[in-house]
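S.K.: Provided herewith is a single structure, encoded as structure tokens, for subsequent inquiry.
The values are calculated or read from the model by the stated rules, or taken from the named source; none is laboratory data. Because the structure is a prediction, the values reported are computed rather than measured. Here the Cβ is made from the backbone with ideal geometry for all residues, glycine too, and neighbour counts use every protein chain on show.
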Ligand SMILES: C[S@@+](CC[C@H](N)C(=O)[O-])C[C@H]1O[C@@H](n2cnc3c(N)ncnc32)[C@H](O)[C@@H]1O
């Protein structure tokens, strides 16, 4: 990642404490609803020793969750942000996963074509300057039976977006910094509409099998095959 891209991501995350937020919020993001969706749409296509890949794995907690469920799976994660890497390296060692410290913008993993059973890309696409190269690499890597699960923010009206946060930028005591932060994040989280995200995935050669909207349409989950 260029210094510029890394600084941009650091600003979007609001600083290094974003690591702790990702750890604290993991169980909410990947709770019963997620695992029910996984059981319905991903688990049935996984064989005995599946190969699983987490693109933008953050601190790497999904590697541990996968290892608990799939003791003999081959696990891979991709991450580059320095404040995520310390924990991601520890969890990769603990789970015997391979951590690829590389930029998703120029993703080219040392894995053969059609060698991965399931790829997760959770809350990452909106952070990329462009996801096309990564999605094409996902298509290359997926087995014919494989599945890509994309989960991300999608566009909602400003009023709905702001209501979902605790801090109200219209509160008279709200600082200019808070107001700017909320509206910057509106632009970043609402970058793609539901149809845009769907189209991007399909335009990269993947076929969407099923999709689900969450949180009144603020998030979209897409399952695609190569
Ligand atoms: C919102 S976090 C989500 C982390 C994890 N997927 C989860 O849901 O817990 C997005 C992650 O993608 C990573 N990421 C964003 N852009 C990246 C890039 N260009 N290369 C590698 N990782 C990137 C960030 O550093 C961050 O850890």
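S.K.: Please list, ordered by first then second residue, the pairs with beta carbon atoms under 9 Å, 6 or more apart or interchain, first in the range 14-30 and at pLDDT 95 or above, second in a loop (DSSP other than H, G, I, E, B) and within 8 Å of the ligand (Cβ to nearest atom).
M.R.: Qualifying pairs under 9 Å: 26/58; 26/59; 29/123.
S.K.: Just give me the residues in the range 75-92 being out of contact with any strand residue (DSSP E or B) (no Cβ under 8 Å at 6 or more places or on another chain) and away from the ligand (no atom under 13 Å from the Cβ), in sequence order.
M.R.: Matches in the range 75-92: 90 only.
S.K.: A follow-up question, please. Does residue 214 meet the test of being surrounded by 13 or more Cβ atoms within 10 Å (Cβ to Cβ) and assigned by TED's automatic domain parsing to the domain that holds residue 57?
M.R.: Judged against the criteria, residue 214 is a match.
S.K.: Can I ask one more? Checking the condition at pLDDT 95 or above, more than 10 Å from the ligand (Cβ to nearest atom), touching a helix residue (DSSP H, G or I) at 6+ places or on another chain (Cβ under 6 Å) and over 22 Å from residue 150 (Cα atoms), which residue from 95, 72 passes?
M.R.: Only one candidate qualifies: 95.
S.K.: Could you tell me whether any residue of the range 42-65 is touching a helix residue (DSSP H, G or I) at 6+ places or on another chain (Cβ under 7 Å), away from the ligand (no atom under 11 Å from the Cβ) and more than 30 Å from residue 190 (Cβ to Cβ)?
M.R.: Scanning the range 42-65 turns up at least one residue that is touching a helix residue (DSSP H, G or I) at 6+ places or on another chain (Cβ under 7 Å), away from the ligand (no atom under 11 Å from the Cβ) and more than 30 Å from residue 190 (Cβ to Cβ).
S.K.: Going through the range 101-129 one residue at a time, which ones are near the ligand (Cβ under 9 Å from one of its atoms), touching a residue at least 40 places away in the same chain (Cβ under 8 Å) and part of a loop (DSSP other than H, G, I, E, B)?
M.R.: 103, 107, 123, 124, 129
S.K.: Related question: With the condition kept exactly as written, say whether any residue in the range 168-185 is under 17 Å from the mean Cα position of the chain (by Cα) and surrounded by 14 or more Cβ atoms within 10 Å (Cβ to Cβ).
M.R.: yes
S.K.: Can you find a residue that is at pLDDT 95 or above, part of a helix (DSSP H, G or I), within 14 Å of the ligand (Cβ to nearest atom) and surrounded by fewer than 23 Cβ atoms within 10 Å (Cβ to Cβ) anywhere in the range 142-162?
M.R.: no
S.K.: Now a separate question. Do you know which of the residues in the range 1-33 that are out of contact with any strand residue (DSSP E or B) (no Cβ under 8 Å at 6 or more places or on another chain), more than 20 Å from residue 104 (Cα to Cα) and in a helix (DSSP H, G or I) is nearest to the ligand (Cβ to nearest atom)?
M.R.: 26
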